[in-house]
Amino acid sequence: MRDLARLASGHRGVLSLAILLTLVASALGMLQPLLVRQAIDSAGHSSLPWHLLTGLVVLFAAQALADAVGLFLLERTGEGVVLGLRRRLIARLLRLRMRVYDEHRIGDLISRVSADTTVLREVTTQASVQLITGALTGIGTVVLMVWLDPFLFLVVISTVAVAAAVVGSLLGRLRAASERAQHSVGAMTADLERALGAIRTVRASRAEEREAQHVGSRARAAYAAGVQAARITSVMSPAVELALRGSLLLVLLIGGTRVARDATSLGELTAFLLYATYLVVPLASVLQGIGSVQRGMGALQRVQEAGALPVEDADGRARPAPAGNGAPVLELRDVRFGYGDRPVLRGVSLTVPPRAHVALVGRSGAGKSTVFSLVERFYEPGSGTILFRGEDIRELGRTDYRSRIALVDQNTPVLHGSLRENLCYTAPHAEEADLERVVRLVNLTELVDRLPSGLDSPVGERGNRLSGGECQRIAIARALLGRPSLLLLDEPTAHLDTVNEAALVRAIDRISEECALLVIAHRISTVCQADRIVVLDAGEVVAEGSHETLLESSSHYRGLVLGELAHNSPDNVEDSPGTGSRPSETGKLPKGNFAWMDLGPPPAQC
């Protein structure tokens with residue numbers, strides 16, 4: 001309960017005012033029976049005292065106003081609590097350590113921001129919880145009231161009908177406001193899932209703050225719609241409550257007058273009043289309150305668990321990433337890493353000099369993508385050191401360090417929005433000339449010309465309006481727009497046809513003049529263009545050198561190259577010219593199943 005109260009700690013002033021108004025409304029309601037009693041007693045000796053009736057009308061109006069304002073303040077406070085809680089959770093979920101995303105379902109994390117915080121709103125604003133009337137109790141009570149005094153029942157039902165008319169006139173507006181609120185919550189959830197689904201791109205692009213602000217704007221829209229619904233509810237709920245209280249007061253007033261004039265007995269009136277009070281079952285209200293608190297406690301626990309998930313360390317006083325000092329852009333020294341108890345890297349060492357093109361090759365599961373994850377600081381190595389321009393990356397600020405490198409993931413995520421927004425995601429303030437440069441560099445000009453609105457055309461949810469090759473080229477252009485010192489490419493030609501593959505190979509040559517390249521590659525077209533090739537197998541570097549050197553000296557590398565060619569030409573094929581070696585003594589490739597490479601068609605020669 002203390003934790004629930006702590007959620008509203010920043011709204012104590014408004015809560016105090018709302019509680020005070022509720023107490024005033026209750027006090028005004030307690031005065032009304034006294035005036036009724038006085039009016040009944042006076043009716044036996046003279047005419048009805050009109051000043052007492054006027055006082056009742058004033059008390060009714062004052063109570064309605066105090067109830068409406070107090071309830072609105074409580075509802076608005078609940079919306080404010082949810083807004084603050086959601087914004088804090090959104091900012092935290094976008095900064096969780098990468099292992100947390102591996103261990104938790106994204107949908108579950110999102111539900112803690114949407115559904116669980118909504119339950120907490122209901123608990124922190126108890127005035128919004130409506131009483132539940134038992135259907136059988138209500139039917140039985142109505143039957144008994146009609147049997148005792150049909151006239152007084154008509155009085156009660158007439159009063160309730162007025163309240164029903166008020167409620168009915170507001171139901172449409174309340175439904176519309178509620179739908180807007182739900183739509184805003186749905187949009188917030190969708191945008192958050194969009195960001196979390198592409199969290200590697202968000203993290204590599206240093207876009208956590210921008211995403212937090214964007215998704216937070218959806219939360220603010222939900223807050224505004226919720227306040228509008230609260231304004232309507234603040235009129236509806238007092239109308240229903242006052243209808244019940246007003247019907248009892250009218251029954252007391254009219255029935256008491258009839259008793260005083262011997263038109264009915266005091267016992268029948270008392271019984272009727274008692275049955276009328278049973279229209280609202282106190283026990284149901286208590287049980288509903290207990291259930292709401294229990295649901296709120298469960299939701300609070302889930303929200304607190306999400307708030308306690310570990311996040312990436314803040315930059316703090318970390319040093320900025322060095323610019324250019326002659327040292328290798330990237331260097332791994334005896335790096336070891338594993339996922340849980342499963343070792344993946346077993347002492348990997350490699351170097352990427354400035355403006356060098358280094359290819360990382362190996363079978364699936366050799367550890368190539370893990371190297372990229374460690375370089376991007378998605379994970380920290382178990383042992384060993386990773387240096388950026390001679391500095392240990394653990395000593396550098398994450399944001400500044402990630403601004404010097406760029407990653408094109410194998411999944412090539414394209415985010416919902418326009419083509420321009422996707423290209424400028426890493427560099428949101430890029431100049432138009434730089435944008436045109438990367439579009440030409442990765443051969444996207446034809447796509448831009450074909451789209452109805454050019455760069456401002458929508459690409460669909462996760463790029464579903466584009467081909468796989470177009471998504472891949474967009475991801476590469478996005479990475480290049482920030483002019484990184486190191487570009488990490490995870491199989492950049494995987495989704496490209498022959499024409500675009502050749503264009504990209506030429507582009508990679510031009511890119512290597514601007515920055516260093518570390519490329520995970522399988523295709524010969526990408527591998528043989530590299531200045532240096534590092535061969536991984538089972539988490540270890542088993543060979544390193546140029547394409548021609550490795551063909552001569554490394555049987556493992558030669559098997560990878562032959563496997564690619566055999567995958568696309570299963571029959572015996574003559575040694576391709578320009579490779580610098582003969583794959584076998586017969587000059588022909590060995591037969592066999594090389595489907596594990598899962599490669600596209602390579603060019604005939606380097």
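So how many residues does region 435-447 have that are farther than 22 Å from D409 by Cα and crowded, with 17+ Cβ neighbours inside 10 Å?
Within region 435-447, residues that are farther than 22 Å from D409 by Cα and crowded, with 17+ Cβ neighbours inside 10 Å number 0.
May I ask you to list pairs of residues, at least six apart or on different chains, whose Cβ atoms are under 8 Å apart, with the first in region 68-97 being at pLDDT 90 or above and the second being polar (S, T, N, Q)?
L89/T117
Would you say I254 is under 25 Å from R88 (Cα atoms) and either at pLDDT 75 or above or surrounded by fewer than 18 Cβ atoms within 10 Å (Cβ to Cβ) (or both)?
no
Is it true that G454 is small (G, A, S) and closer than 22 Å to T201 by Cα?
no
Out of R105, R92, R76, R87, I need the residue that is more than 23 Å from R6 (Cβ to Cβ), among the charged types (D, E, K, R) and surrounded by fewer than 22 Cβ atoms within 10 Å (Cβ to Cβ). Which one?
Exactly one residue qualifies, and that residue is R105.
Taking region 179-197 on its own, how many of its residues are of a type in the set (A, V, I, L, M, F, W, C), modelled with pLDDT under 75 and either surrounded by 17 or more Cβ atoms within 10 Å (Cβ to Cβ) or not in a helix (DSSP H, G or I) (or both)?
2
Suppose we keep only residues that are at pLDDT 80 or above and not hydroxyl-bearing (S, T, Y) within region 451-462. Which one would you say is surrounded by the fewest Cβ atoms within 10 Å (Cβ to Cβ)?
For region 451-462, the residue satisfying everything is P452.
Return the only residue of A430, A406, A477 being more than 30 Å from I524 (Cα to Cα), buried (at least 17 other Cβ atoms within 10 Å of the Cβ) and not polar (S, T, N, Q).
Just a single option satisfies the conditions, and that option is A430.
Test R87 against the stated conditions and say whether it is part of a helix (DSSP H, G or I), within 27 Å of R231 (Cα to Cα) and in the same structural domain as I199 (by TED's automatic domain parsing).
Judged against the criteria, R87 is a match.
Let me confirm something: among R506, R465, which residue is of a type in the set (K, R), surrounded by fewer than 23 Cβ atoms within 10 Å (Cβ to Cβ) and either in contact with a strand residue (DSSP E or B) (Cβ under 9 Å, 6 or more places away or on another chain) or not in a helix (DSSP H, G or I) (or both)?
R465
Got at least one residue in region 366-386 being of a type in the set (K, R), surrounded by fewer than 18 Cβ atoms within 10 Å (Cβ to Cβ) and over 28 Å from H547 (Cα atoms)?
no
Quickly run through region 468-491 and pick out the residues that are under 28 Å from the mean Cα position of the chain (by Cα) and not in a helix (DSSP H, G or I).
G482, L488, L489, D490
Taking region 534-543 on its own, how many of its residues are within 19 Å of P353 (Cα to Cα) and in contact with a Leu (Cβ under 6 Å, 6 or more places away or on another chain)?
Total satisfying the criteria: 2.
The values are calculated or read from the model by the stated rules, or taken from the named source; none is laboratory data. Because the structure is predicted, anything quoted here is derived from the model rather than measured. As a convention, Cβ positions derive from the backbone with ideal geometry for all residues, glycine included, and neighbour counts pool all protein chains shown.
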